[in-house]
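One structure is given below, encoded as structure tokens.
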Amino acid sequence: MYPPQFSAEPPSTDRTPRTYDVIIAGCGPTGAVLAAELRLHDVRVLVLEKETEPASAVRIVGLHIRSLELMAMRGLLDRILPHGRQRPASAYFAAIAKPAPTGLDSRYAYLLGIPQPVIERLLEEHAIELGAQVRRGRAVAGFEQDDEGVTVELADGEQLRSCYLIGCDGGRSTVRKLLGVGFPGEPARTESLMGEMEVGVSQEEIAAKVAEIRETHQRFWLRPAGVGVYSVLVPATGVSDRAEPPTLDDVKRQLRAIAGTDFGVHSPRWLSRFGDATRLADRYRVGRVLLAGDAAHIHPPIGGQGLNLGVQDAFNLGWKLAARIRGWAPEALLDTYQAERRPVAEAVLDNTRAQTELLSTEPGAQAVRRLLIELMDFDEVNLHLLEKITAIGIRYDFGPGPDLLGRRLPDLDVKQGHLYGLLHRGRGLLLDRTERLTVGGWSDRVDHVADSTAALDVPGVLLRPDGHVAWIGDGQRDLDDHLSRWFGEPAH
């Protein structure tokens, strides 16, 4: 049974600090997932969101294979699927469309396109149902940390007290800036205008013109987004210092410059601009303050990896932070969050840099692009690039061992149904084909499934709550050592 839901409450008027285990700044997908993961372990969570209302822009975002797997691990996928549109899992590296390669080992081998406000609402509702408290219109203005916790000051002067503060407040993160963490990288070199709007010409005319232009301009499209409505992407003239969205006239001007026509666009639902800035935080943790999602890394949106990268940060961090608060975490466990996730972000930044270069209209970049198009006809190349985009190729460094060590385990068939159905509670899991191992004193935080029929070619595996393989073998003493490494000392 889920913990009881907190009731909504008005802002405090007495300025008396209140105690929470974790305060999260930002209720986007990263913050909402992190809050839910913490609540699975009965951590007292407050999420502060500076915006008074959820985002209204109905842009479509994509959930990649690994994110879909993680949602399945928590029993969320069935709730999300009806709101999205499934597309085949294909390699779209640098917008090069190729069929899905063979050997794609996942039960969730598709891309789920879903409106961003919808996925944000579903994840926030899930966190609240689990007992997280969300307060909108509340911005973090400052904080001080000490050996015992963090005092957070809000924009209206109210002060709150927590054990930890997590910045999930986006690329312009207030928490990161106040923490003094560097955010080196490259500023935006190009900018694009994007939106959804109605058009004044036929679908056939649009399709013909778009096909012609995309032979050389990959940062350009008009795609159907409903009856008479199109999603529009067009390069801007340069890079703007403004954060506000463009106007319809800006979009029309750029369409005419690139396509020779503005397609009669009118009645925009929403408009936005984005650049290709690429930055990575120097550190993900300073004492009791940590960063996740866009607060820790930003990159061009090509490949649709941003939301997925942040959500996967949250799944990595949540159980570790909860373990620290619950008192059973090994001393170094929380530090593995940065050790594991920062290299993943570095790799994503590199692959988006490479993809951005391949979108250039310069002759050299176009020549490399044509070569890559040929290479992607090889399944090995196609699979390698798809694994990068979808994050199913990640292998954390857990030390020497078989290739499976540190990787995610697919959703195997087990006698209880599917493996991921056994991970809904966010606990560790021992999948034991020998039927003679035990989790002993760790049973309060690790589940044990003895199943000699499991579709697994090793005797046993220990899974962390994020589904990554922490141990492989059949020896109890070796297993106990790894249980201690990841899940602390056994209960007495």
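The values are calculated or read from the model by the stated rules, or taken from the named source; none is laboratory data. All figures in this text were calculated on a predicted structure; none of them were measured in a lab. So basically every Cβ, Gly included, is an ideal-geometry build from the backbone, and we count neighbours across all protein chains shown. These accessible areas exclude ligands, DNA and RNA; they are computed on the full protein's heavy atoms, side chains included. Shrake-Rupley method; radii C 1.70, N 1.55, O 1.52, S 1.80 Å.
With a 1.4 Å probe and every protein chain kept in, tell me what percent of the accessible surface of the range 386-460 is carbon plus sulfur.
Whole-percent figure for carbon plus sulfur exposure: 48.
What is the set of long-range amide H partners of Ala155 at a cut-off below 5 Å, with H atoms built 1.01 Å from backbone N?
Residues meeting the amide H criterion: Ala139, Ala141.
Per-residue accessible area for Glu212 at 1.4 Å probe radius, Å² rounded to 10?
110
What full-extension length gain, to one decimal in nm, is calculated for Glu489 and Ala365 as 0.36 nm per residue of separation minus the Cα-Cα distance?
Net length gain for the segment: 39.2 nm.
Out of Pro88, His64, Ala257, whose Cα points farthest toward the positive end of the dipole of the chain (charges: +1 Lys, Arg; -1 Asp, Glu; placed on Cβ)?
With unit charges placed on the Cβ atoms, the residue in question is Ala257.
Between Glu129 and Asp377, what is the FRET efficiency for a Förster distance of 51 Å, r being their Cβ-Cβ separation, to the nearest 0.05?
0.65
Which value, in debye to the nearest 20, describes the size of the charge dipole of the range 289-389 about its Cα centre when Lys and Arg Cβ atoms bear +1, Asp and Glu Cβ atoms bear -1, and nothing else is charged?
For this selection, approximately 440 debye.
Based on the Cβ-Cβ distance of Asp481 and His384, what FRET efficiency does E = 1/(1 + (r/R0)^6) give at R0 = 35 Å, to the nearest 0.05?
0.55
When the accessible area of the range 110-150 is split by element with a 1.4 Å probe, what percent falls to carbon and sulfur?
Exposed carbon and sulfur together represent 45 percent of the surface.
Mind putting together the pair-distance distribution for the range 75-121? All Cα pairs, 10 Å bins, whole percent per bin, short to long.
22, 45, 30, 3
If I ignore ligands, DNA and RNA and count only protein heavy atoms, how much of Thr352 is accessible to a 1.4 Å probe, in Å² to the nearest 10?
In the full protein context, Thr352 sits at about 0 Å².
Expressed as a whole number of Å, what is the distance separating the alpha-carbon centroids of the range 182-199 and the range 207-257?
The range 207-257 and the range 182-199 have Cα centres spaced 12 Å from each other.
With the contact rule set at Cα under 8 Å and sequence spacing of 6 or more, what percent relative contact order holds for the range 350-420?
RCO, the range 350-420: 14 percent.
Per residue and in cubic angstrom, what volume does the convex hull of the Cα atoms of the range 254-405 have?
Taking only Cα atoms, the range 254-405 has a hull volume of 177 Å³ per residue.
Given the chain, what percent of its DSSP beta bridges are antiparallel, to the nearest 5?
70
Which of the pairs Lys98/Lys388; Lys209/Lys388; Lys98/Lys320; Lys98/Lys415; Lys320/Lys415 have their Cα atoms more than 26 Å apart in this structure?
The pairs that break the limit, which is 26 Å between Cα atoms, are Lys209/Lys388; Lys98/Lys320; Lys98/Lys415; Lys320/Lys415.
Once fully extended, how much extra length lies between Arg136 and Gln203, figured as 0.36 nm per residue of separation less the alpha-carbon to alpha-carbon distance?
Here the segment from Arg136 to Gln203 would lengthen by 20.0 nm.
Take Asp457 and Arg326, extend 7 Å from each Cα along the Cα→Cβ direction, and tell me the distance between the two endpoints in nm.
So the label points at Asp457 and Arg326 sit 3.4 nm apart.
Within the range 202-242, what residues put their amide N at less than 16 Å from the label point 7 Å along the Cα-to-Cβ vector of Arg269?
Answer for the range 202-242: 222-233.
Given the Cα-Cα distance of Ser443 and Glu215 and 0.36 nm per residue of separation, how much length would full extension add, in nm?
Extra length from Ser443 to Glu215 when fully extended: 76.2 nm.
Roughly how big is the chain's charge dipole about its Cα centre, with Cβ charges of +1 (Lys, Arg) and -1 (Asp, Glu), in debye to the nearest 20?
That gives the chain a dipole magnitude of about 540 debye.
Mean residue ellipticity at 222 nm from the helices of the chain, using -39,500 (n - 2.57) per DSSP H segment of n ≥ 4 over the full residue count, to the nearest 500 deg cm²/dmol?
After summing the helix terms and dividing by the residues of the chain, the value is -9500 deg cm²/dmol.
Report the Cα centroid-to-centroid distance between the range 327-362 and the range 65-126 in angstrom, as an integer.
Each part's Cα centre sits 20 Å from the other's.
Under a point-charge model restricted to the Cβ atoms of Lys and Arg (+1) and Asp and Glu (-1), what is the dipole moment magnitude of the range 275-335 relative to its Cα centre, in debye to the nearest 20?
In debye, rounded to 20, the range 275-335 gives about 280.
Express as a percent, rounded to the nearest 5, the fraction of DSSP beta bridges in the range 339-464 (both residues included) that run antiparallel.
Of all bridge pairs located within the range 339-464, approximately 60 percent are antiparallel.
Once phi is turned into θ = phi - 60°, what whole-Hz ³J(HN,Hα) does the Karplus curve with 6.51, -1.76 and 1.60 give for every residue of the range 200-208, x standing for Gly and Pro?
Coupling constants for the range 200-208: x, 10, 6, 4, 5, 5, 5, 4, 5 Hz.
Relative contact order (percent) for the range 104-177, with alpha-carbon contacts under 8 angstrom and 6 or more residues of separation?
Computed over the range 104-177, the figure is 17 percent.
Lys/Arg Cβ at +1, Asp/Glu Cβ at -1, dipole of the chain taken about the Cα centre: which of Ala36, Leu222, Gly185 is farthest positive-ward?
Result: Leu222.
If contacts are Cα pairs under 8 angstrom and at least 6 residues apart, what is the relative contact order of the chain in percent?
Relative contact order, the chain: 18 percent.
Where only protein heavy atoms count, and the probe is 1.4 Å, what is the accessible area per residue for the chain in Å²?
44
Whole-Hz ³J(HN,Hα) for each residue in the range 149-161, computed from phi via Karplus 6.51 cos²θ - 1.76 cosθ + 1.60 with θ = phi - 60°, x for glycine and proline: what do you get?
x, 10, 9, 9, 9, 8, 4, 8, x, 5, 10, 10, 10
In whole angstrom, note down how far apart the Cα centers of the range 430-481 and the range 363-393 are.
Going from one Cα centre to the other spans 37 Å.
Given Val311, Tyr420, Ala347, which one lies farthest toward the positive end of the charge dipole of the chain, if we put +1 on the Cβ of every Lys and Arg and -1 on the Cβ of every Asp and Glu?
Towards the positive end, the residue furthest out is Val311.
Rounded to two decimals, what ratio of Rg to Rh does the chain give with C-alpha atoms and a Kirkwood Rh?
With Rh from the inverse mean 1/r over Cα pairs, Rg/Rh is 0.98.
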